[in-house]
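Notes follow once the structure below has been shown.
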Amino acid sequence: MGSMQRLRAWGEWALPGMLPALTCLLIAWIGNDRTSLWDRDEPRYAGVAQQMLETGDFIVPYFNGELRYQKPVLTYWLVAFAHWTLGDGAFASRFFSGLAAAGACFLTFVLGRSMFGRPAGIIAAWMFALCPVVFLLSKLCIPDGPLLFLSTGCFAALYATHPSSGATTEMSSRAAFGFWLALGLSLLVKGPVTLGMVFATLVVLRLLAGVRLCDFRLRWMVGLGVMLVVALPWFLAIRYTAGDGFYAESVGNQLVGRVWQSFDRKFLPPGYYAVTLLVGFAPWLMLTLLSAWRLRGEIRQGGPVSFLFAWILGSMILLEFFRSKQVHYFAPAYPALALIGSGYLARVVRRERVWIDDTLAVWSVRLTVMTVGVLAMLLVAIAFARPSSGTPAALIAALVGMVGVGVGARYWYRHQFPQGVYALAASLAVAYLLVAGFLLPGFESSRVLRPIAEEIAAVHESTGEAVVVHQLVEPSLTYYSGLAIPGYVPRENLKRTLERTEQSILLPVREDGFELLSEQYPGQVDVLRTWEGLVKMQHRTVRLVRFRPNAVIANAEEDATRR
């Protein structure tokens with residue numbers, strides 16, 4: 001077979017998975033150029049990447065004049081490369097997050113096709129592409145987007161190295177190389193998170209189906225070498241350049257520390273990730289639970305169903321050990337959820353199983369309709385709570401979603417399952433495009449952190465006055481002002497800072513902070529500008545004030561008298 005024939009054959013094989021992947025990519029990229037970075041993490045990653053380009057130091061991450069040890073370096077490299085090629089902006093900062101989500105969507109199709117056939121791959125890809133958590137990660141400049149792609153690649157390659165996948169020896173060898181390569185790159189994105197999930201999956205798989213580690217043809221000697229060649233150089237370089245600070249923070253606080261306490265000091269009970277799937281994997285969760293129940297008899301057979309259940313349970317058990325919990329931490333298991341959902345449903349498509357044949361299936365459809373209804377009402381509530389130019393688009397998106405799930409349910413009750421899935425998927429795709437392209441950019445006119453930062457930069461450039469941050473501890477102020485603003489000054493230290501200052505200073509403050517400055521601190525408070533708008537989706541009155549201590553005023557008056 002010639003190269004053109006092979007390319008054409010691969011294109012025909014991959015084409016069904018390209019449509020959901022390209023839809024995911026379009027949703028991820030649309031509107032990003034009109035939506036500034038969201039606090040707090042996005043400005044940090046974009047700021048570190050931009051500073052790398054400016055200084056030429058691609059080893060040690062810096063932000064706001066301080067070393068940033070929280071995460072490894074690959075995300076910064078990706079964002080820096082996007083800034084270098086596309087320019088410094090929100091679209092470039094989020095470029096690889098969208099690309100990674102689309103890549104993970106396509107890998108989900110590939111894995112579903114190899115496990116359950118072509119219909120399963122298509123259904124799984126649409127489920128994965130059109131759920132809230134994937135939408136969120138595809139549009140944020142954070143490590144979890146690239147990690148989603150790399151973890152999906154790890155698990156897809158791991159499955160291909162097992163005999164039950166039906167892969168040839170040559171394909172298995174390539175998959176082993178891909179597994180270790182993706183694992184090495186994932187270490188550079190978020191440390192050993194993916195490694196831990198893989199280990200937990202293998203343990204659960206052993207307990208569920210008796211599958212042993214040696215059953216996977218992973219080519220350990222070569223594979224470990226590949227992983228070390230990919231990941232080890234930077235870890236050695238950061239140790240040599242910055243000392244032990246990186247490991248103390250990234251391993252001690254960010255990894256081990258989160259086992260004992262949450263970074264935001266909130267206690268979230270066990271079962272958090274199972275409960276939050278109601279929103280994170282909406283509206284597909286009920287259909288996935290139906291499929292899981294129908295496939296329960298295959299859990300101990302050591303095949304694809306066993307692998308997927310181990311992937312989900314292993315990841316969930318591992319993450320429950322950490323006190324620090326966020327909905328998107330469980331995202332690396334979302335491809336497995338989509339594949340479980342498509343496994344049984346693809347058999348319905350092939351007429352091997354009956355679709356609505358009992359009360360459980362009927363209620364799965366009803367709860368799916370109810371889930372879309374709740375999401376639509378939530379979207380309407382957001383649109384009216386925060387009116388903007390995107391409000392009409394939000395209302396249309398809610399209507400389209402309800403119409404789509406209604407049409408889908410009608411098909412399902414007629415035992416026309418594929419048509420129902422595609423009707424719901426099409427309506428959700430339109431709804432997500434409206435939200436991404438109009439609703440999120442519509443908030444931009446009322447978001448105030450960027451104009452505050454730009455005003456601070458302008459005043460600082462003309463007067464040279466220092467900037468003190470007391471309340472608005474937002475990385476956006478640093479990123480958009482281009483200034484290295486000294487660290488957050490807590491309330492108990494603010495008085496001492498103001499009393500000791502020997503020059504005028506600039507402070508962006510909220511309403512209560514302005515009253516505090518005016519009433520309790522010795523000096524003159526001049527309001528330079530006032531903004532009314534959104535700070536992290538909360539309506540705030542923010543003032544940029546100039547604080548002049550009494551000593552500074554007295555010196556100015558004395559100088560004027562002398563003249």
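Take the residues in the range 282-337 that are touching a Lys or Arg at 6+ places or on another chain (Cβ under 8 Å) and either open to solvent by 40 Å² or more (accessible area, probe 1.4 Å) or not assigned by the TED database to the domain that holds L379 (or both), then tell me which one is nearest to F109 (Cα to Cα).
This residue is R294.
In the range 377-402, which residues are surrounded by 18 or more Cβ atoms within 10 Å (Cβ to Cβ) and in a loop (DSSP other than H, G, I, E, B)?
Those that are surrounded by 18 or more Cβ atoms within 10 Å (Cβ to Cβ) and in a loop (DSSP other than H, G, I, E, B): R386, S388, G390.
Of all residues in the range 436-461, how many are over 29 Å from F135 (Cα atoms) and surrounded by fewer than 22 Cβ atoms within 10 Å (Cβ to Cβ)?
Within the range 436-461, residues that are over 29 Å from F135 (Cα atoms) and surrounded by fewer than 22 Cβ atoms within 10 Å (Cβ to Cβ) number 7.
Residue by residue through the range 439-463, note down the ones that are of a type in the set (S, T, Y) and over 25 Å from the mean Cα position of the chain (by Cα).
Applying the first criterion (of a type in the set (S, T, Y)) to the range 439-463 yields 445-446, 462-463.
Scanning the range 439-463 gives S462, T463.
How do the pairs read when you match residues in the range 42-53 that are under 12 Å from R68 (Cα atoms) with residues anywhere that are among the basic types (K, R), using Cβ under 6 Å and keeping only pairs 6 or more apart or on different chains?
V48/R68
Suppose the filter is charged (D, E, K, R) and over 23 Å from L534 (Cα atoms); does R386 pass it?
No; evaluated as a whole, the condition is false for this residue.
Can you tell me which residues in the range 166-181 are under 30 Å from the mean Cα position of the chain (by Cα) and open to solvent by 20 Å² or more (accessible area, probe 1.4 Å)?
Once the filter is applied, which keeps residues that are under 30 Å from the mean Cα position of the chain (by Cα) and open to solvent by 20 Å² or more (accessible area, probe 1.4 Å), the range 166-181 yields R174, F177, G178, L181.
Against the conditions (1) surrounded by fewer than 20 Cβ atoms within 10 Å (Cβ to Cβ); (2) not in a loop (DSSP other than H, G, I, E, B), where does D57 fall short? Just the number, please.
(2)
Got at least one residue in the range 494-503 being modelled with pLDDT of 75 or more and either out of contact with any Phe, Trp or Tyr (no Cβ under 8 Å at 6 or more places or on another chain) or more than 19 Å from R40 (Cα to Cα) (or both)?
yes
Taking the condition of being β-branched (V, I, T) and in contact with a Pro (Cβ under 8 Å, 6 or more places away or on another chain), how many residues in the range 495-528 meet it?
Residues in the range 495-528 being β-branched (V, I, T) and in contact with a Pro (Cβ under 8 Å, 6 or more places away or on another chain): 1 in total.
Pick from L195, L236: which is open to solvent by 40 Å² or more (accessible area, probe 1.4 Å) and either touching a strand residue (DSSP E or B) at 6+ places or on another chain (Cβ under 9 Å) or in contact (Cβ under 8 Å) with a residue 12 or more places away in the chain (or both)?
Exactly one of L195, L236 is open to solvent by 40 Å² or more (accessible area, probe 1.4 Å) and either touching a strand residue (DSSP E or B) at 6+ places or on another chain (Cβ under 9 Å) or in contact (Cβ under 8 Å) with a residue 12 or more places away in the chain (or both), namely L195.
Can you name the condition, by its number, that L74 falls short on among (1) over 17 Å from D144 (Cβ atoms); (2) open to solvent by 10 Å² or more (accessible area, probe 1.4 Å)?
Every condition holds for L74 apart from (1).
Applying the selection to the range 270-302, what residues are without any contact (Cβ under 8 Å) to a residue 12 or more places away in the chain and among the charged types (D, E, K, R)?
R296, E298 - these are the residues of the range 270-302 that are without any contact (Cβ under 8 Å) to a residue 12 or more places away in the chain and among the charged types (D, E, K, R).
Kindly check whether there is at least one residue in the range 349-365 that is under 28 Å from G145 (Cβ atoms) and in a helix (DSSP H, G or I).
No, the range 349-365 contains no residue that is under 28 Å from G145 (Cβ atoms) and in a helix (DSSP H, G or I).
If you check V405, V374, which single one turns out to be within 31 Å of the chain's Cα centre (by Cα), modelled with pLDDT of 90 or more, open to solvent by 40 Å² or more (accessible area, probe 1.4 Å) and assigned by the TED database to the domain that holds R296?
V374
In this structure, does S151 turn out to be without any contact (Cβ under 8 Å) to a residue 40 or more places away in the chain, open to solvent by less than 20 Å² (accessible area, probe 1.4 Å) and in a helix (DSSP H, G or I)?
no
If I filter the range 471-488 down to residues being open to solvent by less than 20 Å² (accessible area, probe 1.4 Å) and assigned to a loop (DSSP other than H, G, I, E, B), which single residue comes out as modelled with the lowest pLDDT?
L472
If I filter the range 198-222 down to residues being over 26 Å from the mean Cα position of the chain (by Cα) and closer than 16 Å to W180 by Cβ, which single residue comes out as surrounded by the fewest Cβ atoms within 10 Å (Cβ to Cβ)?
M221
Collect the residues in the range 133-143 that are assigned to a loop (DSSP other than H, G, I, E, B) and surrounded by fewer than 24 Cβ atoms within 10 Å (Cβ to Cβ), keeping them in residue-number order.
Result: L140, I142.
May I ask you to list the residues in the range 117-132 that are assigned to a helix (DSSP H, G or I) and buried (at least 24 other Cβ atoms within 10 Å of the Cβ)?
Correct list: A120, G121, I122, I123, A124, A125, W126, M127, F128, A129.
The values are calculated or read from the model by the stated rules, or taken from the named source; none is laboratory data. From a predicted model like this one, the values you see are computed outputs, not experimental measurements. Glycine gets a Cβ as well: all are built from the backbone with ideal geometry, and neighbour counts include every protein chain shown. Heavy atoms of the whole protein, side chains included, go into the accessibility calculation; ligands, DNA and RNA do not. Shrake-Rupley method; radii C 1.70, N 1.55, O 1.52, S 1.80 Å.
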